[in-house]
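Below you'll find the structure, written out as structure tokens, and then a few comments.
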Amino acid sequence: AQSVSQHNHHVILSEAASLELGCNYSYGGTVNLFWYVQYPGQHLQLLLKYFSGDPLVKGIKGFEAEFIKSKFSFNLRKPSVQWSDTAEYFCAVKPGIYGGATNKLIFGTGTLLAVQP
Amino acid sequence: KAGVTQTPRYLIKTRGQQVTLSCSPISGHRSVSWYQQTPGQGLQFLFEYFSETQRNKGNFPGRFSGRQFSNSRSEMNVSTLELGDSALYLCASSPYTRGRDNEQFFGPGTRLTVL
């Protein structure tokens, strides 16, 4: 079955530290990849997405992610975190051919990030 | 542009009852998906509708059902509620199912508590 793994369930960092959250998926075909963020009390918001092309994608708020096809990975990075980055981060995969006729997302279990001032 | 709205925001029911949750997508969006979010299972896909047709369904029992209306608004229904149905139910909308910029926008969710 298709699945998404997020290796870190809880991460605690100090402000200005660098962040890398791991995400691996199990699906052999073409995928669309996403990172979503859920700030306390807020909606799920899209941080960034990968559909095709340059495997290094940049998102909002200084986040970026790198798609490594050979490793089935899509890790999220930020060079210097801020207290306001405290949130839960979800990796998600949309399996299927590019432009496939479904919006079904398979989510990882999420990573709770706490940034200490 | 107004975002995805979900009603009600909070709901308390007892076991055995049924419940209907509503989702209004962003204007112009024709695709609506539903997800269940729980601490133990995370975010799980329930079903997806596009132009009033169910396009995909997750691995949930038949007690979970949904529909979409001609104005793209969607409802989901859970019959014979169980304690384990307590969760945050999220609705997401997008313009269409294909294409590069097919981002899904999530609503605030309906928090269902089953007693």
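The values are calculated or read from the model by the stated rules, or taken from the named source; none is laboratory data. What you see is a predicted model, and the numbers here were worked out from it, not measured in a lab. Cβ atoms come from the backbone with ideal geometry, glycine included; neighbour counts cover every protein chain shown.
Worth pointing out:
- Restricting attention to segment A:3-36, the residues being in contact with a Lys or Arg (Cβ under 9 Å, 6 or more places away or on another chain) and either within 11 Å of chain B (Cβ to nearest Cβ) or not aliphatic (A, V, I, L, M) (or both) number 6.
- Pick from segment A:17-31, criterion over 13 Å from the mean Cα position of the chain (by Cα) and not in a loop (DSSP other than H, G, I, E, B), ranking: surrounded by the most Cβ atoms within 10 Å (Cβ to Cβ): A:Val31
- Unmet criterion (only one of (1) more than 14 Å from every other protein chain (Cβ to nearest Cβ); (2) charged (D, E, K, R); (3) assigned to a strand (DSSP E or B)) for A:Lys49: (1)
- Considered as a group, the residues in segment B:68-101 that are within 10 Å of the chain's Cα centre (by Cα) and more than 13 Å from chain A (Cβ to nearest Cβ) include one that is nearest to B:Gln18 (Cα to Cα), and that residue is B:Asn77.
- Qualifying residues in segment A:52-78 (those that are in contact with a Leu (Cβ under 8 Å, 6 or more places away or on another chain) and assigned to a loop (DSSP other than H, G, I, E, B)) - the one nearest to A:Leu13 (Cα to Cα): A:Phe63
- Residue, surrounded by the most Cβ atoms within 10 Å (Cβ to Cβ), within segment B:39-76, restricted to residues that are among the acidic types (Asp, Glu) and not in a loop (DSSP other than H, G, I, E, B): B:Glu48
- Among residues of segment B:37-59 that are over 18 Å from B:Ser94 (Cβ atoms) and modelled with pLDDT of 95 or more, those with a beta-carbon under 9 Å from a residue that is of a type in the set (Phe, Trp, Tyr) and outside any strand (DSSP E or B) at least six positions away or on a different chain give the pairs B:Gln44/B:Phe60.
- Leading residue by the ranking (farthest from B:Asn102 (Cα to Cα)) among those in segment B:3-60 that are of a type in the set (Val, Ile, Thr) and within 13 Å of chain A (Cβ to nearest Cβ): B:Thr38
- Each residue in segment A:39-58 was checked for being surrounded by fewer than 19 Cβ atoms within 10 Å (Cβ to Cβ) and either without any contact (Cβ under 8 Å) to a residue 12 or more places away in the chain or not aromatic (Phe, Trp, Tyr) (or both), and 12 pass.
- Of all the criteria given as (1) in contact with a strand residue (DSSP E or B) (Cβ under 6 Å, 6 or more places away or on another chain); (2) surrounded by 14 or more Cβ atoms within 10 Å (Cβ to Cβ); (3) closer than 17 Å to A:Ala87 by Cβ, the one not satisfied by A:Ser14 is (2).
- Considering (1) of a type outside the set (Ser, Thr, Tyr); (2) away from every other protein chain (no Cβ under 14 Å); (3) surrounded by fewer than 19 Cβ atoms within 10 Å (Cβ to Cβ); (4) in contact with a helix residue (DSSP H, G or I) (Cβ under 9 Å, 6 or more places away or on another chain), the lone condition that A:Ile68 does not fulfil carries the number (4).
- Residue check, B:Gly42 at positive phi, out of contact with any strand residue (DSSP E or B) (no Cβ under 7 Å at 6 or more places or on another chain) and of a type outside the set (Ser, Thr, Tyr): no
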